[in-house]
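Visitor: The structure that follows is given in the form of structure tokens.
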Amino acid sequence: MSEKNNLNKQAQDIIQASRQKGNTKTFLLWLGALIIGAILGWAGPAPLNDFFNFVATVFTRLFQFIAVPTIALAVITTLSKLGAQKDTRRIFAHALGYTLLTTFAAAVVGLLLYLWIEPSNLPAEAIGAGASAVPLDKVGSLSYADHFLQVIPNNMLQPFLAGNVLSVLFIAASVGLGLAFMPESENRAVLLKGIAGLQELLFTLIRGLMKILPFGILAFSAQLAAQIEAGVIVGALGKYVAVVMGGNLIQFFIVLPLFLLLRGLNPLQVMKKMSPAIAVALFTKSSAATLPVTLSSAEENLKANPKVSRFVLPICTTINMNGCAAFILVTSLFVMQNAGFELTLPTMISWVFVAVLAAVGNAGVPMGCYFLTLSLMSSMGAPLGLMGVILPIYAVIDMIETAENVWSDSCVCAMTDHDLKDSLPDNVPASNSI
């Protein structure tokens with residue numbers, strides 16, 4: 001038995017080493033595309049820039065195509081698990097409470113930094129012709145009641161066709177909770193299996209999109225370099241990046257450790273024990289892809305009860321997105337500001353709650369936050385050209401965000417395990433552990 005365990009461990013080590021090697025190659029490929037695109041955009045002729053604009057438009061449409069259904073299925077599958085594991089409601093309650101608290105804190109930190117740094121507007125030529133098509137008159141005429149009514153759909157398909165993410169989240173939450181409380185039956189099992197299959201299909205499409213994404217990075221980087229060469233966007237984008245990255249770092253090194261300290265946990269020890277998962281997240285840029293390492297670190301290093309880790313961490317992979325909440329809030333405010341929307345303090349505060357709700361429904365896949373923000377801005381009628389300007393920078397932001405999300409998942413798991421350690425059964429036998 002010992003020899004068999006050693007062989008299994010060696011096989012796992014080989015697989016993990018192979019994945020890390022592949023992740024390094026992917027990162028270098030993205031970095032190479034970023035650099036080559038910058039060089040071509042800086043010195044390239046007008047016809048080449050037109051070609052890059054075409055490629056950027058293609059990728060923007062592909063993002064829009066896949067974003068909304070992926071988000072919907074992620075919310076449905078997450079909430080439907082409530083019915084399958086009714087004995088874990090206490091665990092879910094603790095995990096959900098910590099998730100909402102940390103995600104809300106991340107959004108608030110982002111808002112405070114945005115108000116303090118005050119990113120300036122980009123010139124109209126940097127945003128592109130899409131800015132002229134923004135229906136500002138219609139946006140300004142809508143009351144808060146009208147905005148609320150727009151979230152409530154009057155049919156199942158219209159929100160998906162219109163790309164109204166908030167309505168899609170409403171439908172997904174309703175369906176997910178409905179599945180959670182349906183009686184156990186063959187029909188329910190078939191529905192869950194079909195939904196899981198659709199989600200797997202979409203994740204496969206996303207993986208395919210990730211394989212050709214270097215071409216998109218090349219095009220968007222060329223656009224960005226051409227605009228920088230014209231000397232029009234460095235200052236504004238620099239402040240925007242400072243807000244996003246600053247919020248992530250404050251959440252990572254200050255806010256989340258404070259949560260751990262308040263629960264009587266040593267943040268340095270927790271971070272040390274979960275460091276393998278955080279490191280993998282940095283390169284994979286996917287909470288879902290990092291989940292096996294996160295589970296292993298939580299059970300083997302943190303000694304978390306598997307009853308907690310195996311429920312909390314998969315759930316958190318979808319709903320606990322601290323970095324995503326900050327990115328959605330800051331990017332949405334920045335794009336709307338450039339589109340000419342009036343950003344009053346009540347409006348910005350309301351977007352804190354929108355960002356938290358949207359982040360909870362985000363899929364734990366590479367660029368999930370970008371897809372979600374793109375859909376939100378599309379439904380608002382904001383210029384999507386600005387999202388293209390942000391994309392080359394997002395390749396770096398996504399790394400930091402994913403590491404922060406996995407660190408937050410680890411904190412939620414550690415705090416939930418600490419709270420319930422005296423009321424849950426002992427850990428499962430070692431033979432059943434990861």
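The values are calculated or read from the model by the stated rules, or taken from the named source; none is laboratory data. Values in this document were obtained by computation on a predicted structure and should not be read as measured data. We place every Cβ from the backbone using ideal geometry, glycine too, and count neighbours over all the protein chains shown. We work out accessible area using only protein heavy atoms, side chains counted, and drop any ligands, DNA or RNA first. Shrake-Rupley method; radii C 1.70, N 1.55, O 1.52, S 1.80 Å.
Listed here are the residues, each with its yes/no results for (1) surrounded by 20 or more Cβ atoms within 10 Å (Cβ to Cβ); (2) under 20 Å from the mean Cα position of the chain (by Cα).
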residue	(1), (2)
M245	no, yes
L249	no, yes
L268	no, no
V280	yes, yes
E299	yes, no
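Visitor: Another question, if that's okay. Out of the residues in region 62-89 meeting the condition of being open to solvent by 60 Å² or more (accessible area, probe 1.4 Å) and more than 19 Å from the chain's Cα centre (by Cα), tell me which one is modelled with the highest pLDDT.
Guide: Step by step, filter region 62-89, then rank; the result is R89.
Visitor: If A304 meets every condition in (1) in a helix (DSSP H, G or I); (2) crowded, with 20+ Cβ neighbours inside 10 Å apart from one, which number is that one?
Guide: (1)
Visitor: In addition: Could you check region 177-204 and list, in sequence order, the residues that are of a type in the set (D, E) and within 24 Å of the chain's Cα centre (by Cα)?
Guide: E200
Visitor: Here is a further query. Cβ-Cβ distance below 9 Å, separation of 6 or more or different chains: which pairs start in region 330-358 with a residue that is free of Cβ contacts under 8 Å to residues at least 12 places away in the same chain and end on one that is open to solvent by 10 Å² or more (accessible area, probe 1.4 Å) and assigned to a loop (DSSP other than H, G, I, E, B)?
Guide: Taking only residues 6 or more apart or on different chains, the pairs are T347/F341.
Visitor: Exactly one condition in (1) assigned to a helix (DSSP H, G or I); (2) surrounded by fewer than 23 Cβ atoms within 10 Å (Cβ to Cβ) is false for L256; which is it?
Guide: Here L256 meets the rest and fails (2).
Visitor: Okay, moving on. Within region 238-291, which residues are over 25 Å from K25 (Cα atoms) and among the hydroxyl-bearing types (S, T, Y)?
Guide: Y240
Visitor: Any residue that is at pLDDT below 75, over 23 Å from I278 (Cα atoms) and open to solvent by 40 Å² or more (accessible area, probe 1.4 Å) - is there at least one of those in region 200-209?
Guide: No, region 200-209 has no match at all.
Visitor: Confirm whether Y394 is modelled with pLDDT of 70 or more, of a type in the set (F, W, Y) and within 8 Å of the chain's Cα centre (by Cα).
Guide: Spelling it out, it is not the case that Y394 is modelled with pLDDT of 70 or more, of a type in the set (F, W, Y) and within 8 Å of the chain's Cα centre (by Cα).
Visitor: Another question, if that's okay. Counting just the residues of region 341-362 that are open to solvent by less than 30 Å² (accessible area, probe 1.4 Å) and outside any helix (DSSP H, G or I), which one comes out nearest to L79 (Cα to Cα)?
Guide: G361
Visitor: Let me ask something else. Among the residues of region 183-195, how many are loosely packed, with under 15 Cβ neighbours inside 10 Å and within 26 Å of I152 (Cα to Cα)?
Guide: 1
Visitor: Right, here's the next one. Out of the residues in region 272-294 that are touching a Pro at 6+ places or on another chain (Cβ under 8 Å) and either modelled with pLDDT of 80 or more or not in a helix (DSSP H, G or I) (or both), which is farthest from T317 (Cα to Cα)?
Guide: So the residue we want is K285.
Visitor: Does V308 meet the test of being modelled with pLDDT of 80 or more, of a type in the set (V, I, T) and closer than 24 Å to V109 by Cα?
Guide: no
Visitor: Related question: Restricting the search to region 412-434, which residues are part of a helix (DSSP H, G or I), at pLDDT 50 or above and loosely packed, with under 14 Cβ neighbours inside 10 Å?
Guide: Scanning region 412-434 gives no hits.
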